[in-house]
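Before any comments, here is the structure.
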Amino acid sequence: MYIIEPIFAQELVELINKETQQNAHIFGEDGKIIATTQPERLGTIHAGARDIMSGKINFIAITEEMSKTMSGTKPGFSVGIDSKNVRIGAIGISGDPQLMKPIAMIASHVIVSEYERKLFMNNMNTMANKINESLQESSAALEEISAAFEQQGKSVEGLQEMTIEAKHNVMETNQISDLIQKIAKQTNVLGINASIEAARLGNEGRGFNIVAREVRNLAENTATSVNQISDMLKKIQNNILVISDDIQAYNTSSKNQTIVVQSLAHELDNITTALDNFTRLLN
C-alpha cells in the first residue's frame, strides 16, 4: 500500500509532462517508481530516489555536464517529499535542474497537501465511524431503558388498578360496618325494651330479664368490635390513599422519563443519520 495515492501521483506527473515536455516520476518506498510518464519504468527502483527515501540525501541535481561523466544518468532534479518531518515519497523531473527545481518543489508541496488532506479525511472518517458506533450502542441502550420504563409503567398501572379496587373494597367494608353498627344499636334498644318489660312483669319476668341483659351485652360488645374494625379500616384506607398517591406520582414520573428517553433516542437517531451522511461525503 502506497503512502502517496498512485492515481493522484500519475495525474500530477502527466500534468508536469504536459506543461514542461519533460519526463516526471514519483517515488515511493525504497525508491520504487509509483507514477511516471515512462510506463516501462513503472515499478522499478531508482537508485538516487532510494538514497533520498532512506534519508542519505535530500535532493539530487544533475546538470548536462554532470550527466556526461555519469553512466546511465540524465539531467534532472529529484527531491524528497516530507510531511511533518516524515519522508513520504520523492519526485524527479528530467531537464535542466535549475529550471526543474521550482517545479519539483511546487509539485512536492501539492503532493503533501493532498496527502495531508487525505490523511485528515481518513482520520475524520475513522472518528465518525467510532462516534457512529458509540451512538448506535447508546441508542440501543436507550431503547432498552425505554422498554424497561414502559414495562414499569404497565406494572405501576396494574398496581394502581389494584389500589383502586382495594379502596373500593374498603368502602364496601365500611358500609358493612355501618350496617352492623345499626344492628347493634337496634339490638341494644331491644335489650333495653326487654329489661323494661321484664321489670314490669316482676318475678315472672326474671328469666326474661336475664335474656334481655345478655342481648344488651351482645349489642355493646358488637358496637365496641365494630368501632375497632372501623378505626382499623380508616387506617387501612388512609394507607391505601397514600400508596395510591405515591403510585400516581411514580406513574407520572415514569411516563415523563419514558418521554425523555424516547426523545433522546430520537435525537441520537438524527445524529446517527447526519454522521452517516457525513461519512458518505468523506468517502
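The values are calculated or read from the model by the stated rules, or taken from the named source; none is laboratory data. Predicted, not measured: the structure shown is a model, and the values here were computed from it. With ideal geometry, Cβ positions are generated from the backbone for all residues, glycine too; neighbour counts draw on all protein chains shown.
Quick look at the numbers
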quantity: In the stretch 120-144, the residues that are under 11 Å from the mean Cα position of the chain (by Cα), surrounded by 14 or more Cβ atoms within 10 Å (Cβ to Cβ) and not small (Gly, Ala, Ser); calculated: Ile131, Asn132, Leu135, Gln136, Leu142, Glu143
quantity: In the stretch 91-127, the residues that are of a type in the set (S, T, N, Q) and in a helix (DSSP H, G or I); calculated: Gln98, Ser108, Ser113, Asn122, Asn123, Asn125, Thr126
quantity: Index of the failed condition, Ile81 passing every other in (1) loosely packed, with under 13 Cβ neighbours inside 10 Å; (2) under 22 Å from Lys32 (Cβ atoms); calculated: (1)
quantity: Meets criteria (more than 27 Å from Glu161 (Cβ to Cβ) and either modelled with pLDDT under 70 or not assigned by TED's automatic domain parsing to the domain that holds Ser138 (or both)) for Arg200; calculated: no
quantity: Odd one out for Ala219, checked against (1) surrounded by fewer than 13 Cβ atoms within 10 Å (Cβ to Cβ); (2) modelled with pLDDT under 70; calculated: (1)
quantity: Residue list for the stretch 1-18, filter: in contact (Cβ under 8 Å) with a residue 24 or more places away in the chain and over 13 Å from Ile34 (Cα atoms); calculated: Ile16
